[in-house]
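The values are calculated or read from the model by the stated rules, or taken from the named source; none is laboratory data. Everything quoted here is computed from the prediction, not taken from an experiment. FYI the Cβ positions are ideal-geometry reconstructions off the backbone, even for glycines, and counts take in every protein chain you see. The protein model used for the area step is the full one, side chains on, heavy atoms only, and it has no ligands, DNA or RNA in it. Shrake-Rupley method; radii C 1.70, N 1.55, O 1.52, S 1.80 Å.
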Amino acid sequence: MSADVVIIGGGVMGSAVACFLGHDPAFTGRVLVVERDAGYARASSALSAGSIRQQFSTPANIRMSQFGFALLSDPAPWLAVDGAVPDLGLVRRAYLILAGADNGADDAAGAAGAHLAAVHAAQAEAGAQALLLDPAAMAARFAWLNTDGLAGGTLGLDGEGWFDGWALLQALKRRARAAGAVYIEDRVTGLDLSGPADGPRRVTDVRLASGGRISAGQVVNAAGPFAADIAAMAGIDLPVRPRCRSVFVFDCAHGPHDAPLVVDPTGVYMRPEGDRFICGWSPGAGDADPDSPELVVDHSQFEDRIWPALAARIPAFERLRPGASWAGHYEMNVFDANALIGAVPQVPNLLMINGFSGHGLQQAPAAGRGVAELITHGRFTSLDLGQFTPERVAAGARLVELAVI
């Protein structure tokens, strides 16, 4: 087999690249997508909580999510096939991101408040719409919220909510296939390279577990939490690791069903989901967060961390009833928790679209469009995503995002 572009990984990232290649009339090549799990039973795209926010501090992160929200709001120009427009299940609802000092000291609370104000100022400068609230304003607006120990919070005013990640993945894939992309179920086991050992090299062939081989012009690493394994086949040390995240469903008839998505300073989040709620927890500084290629729900998180934090912040949840749960992967960039988009100098025809660290589903449309532009035009032509270059890893230049969840 041969292809002008071989995409390793047919999840939301790989399918977004294939979709936007198909949109560009300047691209006339053949696209082949290799996906090892055609049923997507373990795909992050299918197992994500599927939320979208504008409340980042890095302008490029904000703009990627703004494009993602525009696509979710009006998918027809991008995802319609033969006149059929997909329903992506968008629920327009704000994020409420809370800041507080764990020890309750005045100086710590002041530092938390200053951090929140700095993030809010960066968001406003980049065009994200959010309201900065002090504890009294939050208590007046959300009667069900316990504001003890909080320095303040920010509430999104537009461009936030949650959506059906599975529907987005299938819509991107359907549009990509309609434009000619071919999907095969197989597993990549190696990359053949040509060129000097001490200079730039190129991927010439992609080897498959089935024994097949694909001659490739350009290769895209969209392997999600296992992107480092693909990069290693080309001699590249990519700082992306699989991290397991558990999501829990619970009932609470008297809970705040009209609430925004609430992010507590403990790292616990919750949001309404129909007549129920879902919640989870993201490890913070000092918390264990080991690599985990397997997906196993950690039920102790709910009992030991999540429920106590929820009950303390939203007293109605003292009487919740636990329900179902599932686990999915974060493809964590352990270098700086921001995306890696573009090529690396040592293998210029191998492009990365990895390491989104929990932001991937919402940023896939913008990132996929960006990689498609690099392939077709050699540069970004819509959003400038140059800050996310993988070259920053070797240079030790971290891209600092103050609003990491």
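Data table
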| read-out | value |
| --- | --- |
| Peptides 12-22, 154-164 ordered by average Cβ neighbours within 10 Å, highest first | 12-22, 154-164 |
| Accessible-area composition of segment 122-237, carbon plus sulfur, in percent [1.4 Å probe] | 46 |
| Two-decimal Rg/Rh across segment 267-389, once Rg and the Kirkwood Rh are taken from alpha-carbon atoms | 1.09 |
| Segment 13-79 shape via C-alpha gyration tensor axes, a/c threshold 1.5 | oblate |
| Between 0 and 90°, nearest 10: helix 12-23 axis offset from the chain longest Cα axis | 60 |
| Extension gain from H377 to A140, taking 0.36 nm per residue of separation minus the Cα-Cα distance | 80.2 nm |
| Debye log10 I(q)/I(0) at q = 0.18, 0.19, 0.21, 0.28 Å⁻¹ for segment 311-378, Cα point scatterers | -0.79, -0.83, -0.93, -1.17 |
| All-pairs alpha carbon distance profile, segment 99-229, 10 Å steps from 0, percent | 10, 21, 18, 15, 19, 15, 2 |
| Dimensionless Rg ratio for the chain, taking C-alpha atoms and the 2.2 N^0.38 Å reference | 0.99 |
| Ordering of 238-244, 357-363, 115-121 by packing [mean C-beta count within 10 Å, highest first] | 357-363, 238-244, 115-121 |
| Beta bridge orientation in the chain: antiparallel %, DSSP, nearest 5 | 70 |
| Share of carbon and sulfur in the accessible heavy-atom surface of segment 272-365 [1.4 Å probe, %] | 52 |
| Peptides ranked, highest mean first, by Cβ atoms within 10 Å: ranges 205-213, 385-393, 86-94, 48-56 | 48-56, 385-393, 86-94, 205-213 |
| Principal semi-axes in Å for segment 172-230 [√(5λ), Cα gyration tensor, largest first] | 24, 14, 13 |
| Where segment 1-76 is the region considered: accessible area per residue in Å², 1.4 Å probe | 30 |
| Acute angle (nearest 10 degrees) that the helix 360-377 long axis makes with the longest principal axis of the chain, alpha-carbon atoms | 30 |
| Residues of segment 248-405: accessible area per residue with a 1.4 Å probe, Å² | 40 |
| Kirkwood Rh, Cα atoms: Rg over Rh of segment 241-281 | 1.03 |
